[in-house]
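Novice: Have a look at this one before I ask anything.
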Amino acid sequence: MEASIDMNKNTIYNVKDPEQVDQATNKKYVDNQLVKKLDKEVDIDMKNRSITNLNLPSNKRDAACVEFVNYRIEDITQKMFLKFDGTNSMTGDLNLHSQTPI
């Protein structure tokens, strides 16, 4: 057959797993192949390419964009360190753990 088939929005059912590279396949077969290829135990070589449009992380194991990381560093830095210029001040007790300040 050398002409296109217009399925008119109908579905093809019961497609078996392919045996040759030029055969049609089903969604289950493709999903299983993706799971094998995207195994979390392997490295991903980006070949000097970028990942773009990364969303903000929703759990602590998600990848994060540089904008989010920079914001977190800035946020933590402002909370944890006293600046010499006096723009922030201590708001709690200082525990020296029996040490003497120099």
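Novice: Against the condition at pLDDT 85 or above, surrounded by fewer than 10 Cβ atoms within 10 Å (Cβ to Cβ) and not basic (K, R), how does A3 come out, does it pass?
Specialist: Answer is yes for this residue.
Novice: Look at region 6-59 and say how many of its residues are surrounded by 10 or more Cβ atoms within 10 Å (Cβ to Cβ), part of a loop (DSSP other than H, G, I, E, B) and not hydroxyl-bearing (S, T, Y).
Specialist: Of the residues in region 6-59, 10 are surrounded by 10 or more Cβ atoms within 10 Å (Cβ to Cβ), part of a loop (DSSP other than H, G, I, E, B) and not hydroxyl-bearing (S, T, Y).
Novice: Is it the case that N70 is on the phi > 0 side of the Ramachandran plot and at pLDDT below 90?
Specialist: So N70 fails the test.
The values are calculated or read from the model by the stated rules, or taken from the named source; none is laboratory data. Since the model is a prediction, treat every value here as computed from it, not as a measurement. Cβ: placed from backbone, ideal geometry, glycine included. Neighbour counts: every protein chain shown.
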